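Working notes, beginning with the structure itself.
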Amino acid sequence: MVAKIDIIPGQRFNKLVIISEVEPKFYGKHLKRQVNCKCDCGNEKVIDFQTIRRGLTTSCGCIRSELIRNNNLSKGMNLTNESVGLLKYIEEAGIYKTKRKIKCQCACGNFVIMSADDFINLKVKSCGCYKKILGKESILRAATFRRQNQRG
């Protein structure tokens with residue numbers, strides 16, 4: 001049998017301080033212990049005790065908001081008229097999780113939504129059409145090579 005860990009009011013886990021234990025809650029077949037916590041930002045939230053204890057939950061959710069505020073969007077990096085490879089920046093597409101998303105148009109005419117970081121760091125250079133072109137070229141080169149070797 002596993003020893004039951006005591007929940008101590010006032011105990012701190014990252015940005016969360018435990019206020020009290022509340023009614024346990026079922027997650028599937030498992031009954032999970034719940035605690036009412038107060039975050040350093042002032043919010044109170046009921047959270048699964050195991051996720052706090054293991055470090056999977058570190059705040060009420062304010063850390064995510066902080067990350068979004070500190071993302072490139074708030075740093076004012078302007079991508080207007082920027083191009084990378086075959087892609088040209090069109091407009092902002094919002095924020096997904098903590099990543100700034102942008103809409104780009106490829107030289108072939110397709111539109112792509114991608115991470116601004118991938119665009120800035122040259123990780124994505126086309127909508128995927130460039131790989132297709134390279135793939136067709138390499139197939140043609142291989143076929144030509146095979147034909148030349150069969151003759152010789």
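FYI, it's all coordinate maths here, none of it is from the lab. The shown structure was predicted, so the numbers you read here are calculated from the model rather than taken from an experiment. Positions of Cβ are generated from backbone atoms using ideal geometry, with glycine treated the same way; all protein chains shown enter the neighbour counts.
General remarks:
- Note on region 114-125: residues that are farther than 19 Å from residue 97 by Cα and in contact with a Lys or Arg (Cβ under 9 Å, 6 or more places away or on another chain) total 0.
- Taking the criterion of being in a loop (DSSP other than H, G, I, E, B) and under 17 Å from residue 54 (Cα atoms), the residues of region 10-36 that qualify are 11, 14, 15.
- Per-region count, region 1-55, residues among the hydroxyl-bearing types (Ser, Thr, Tyr) and over 26 Å from the mean Cα position of the chain (by Cα): 1
- Residue, surrounded by the fewest Cβ atoms within 10 Å (Cβ to Cβ), within region 13-39, restricted to residues that are touching a residue at least 12 places away in the same chain (Cβ under 8 Å) and touching a Leu at 6+ places or on another chain (Cβ under 8 Å): 25
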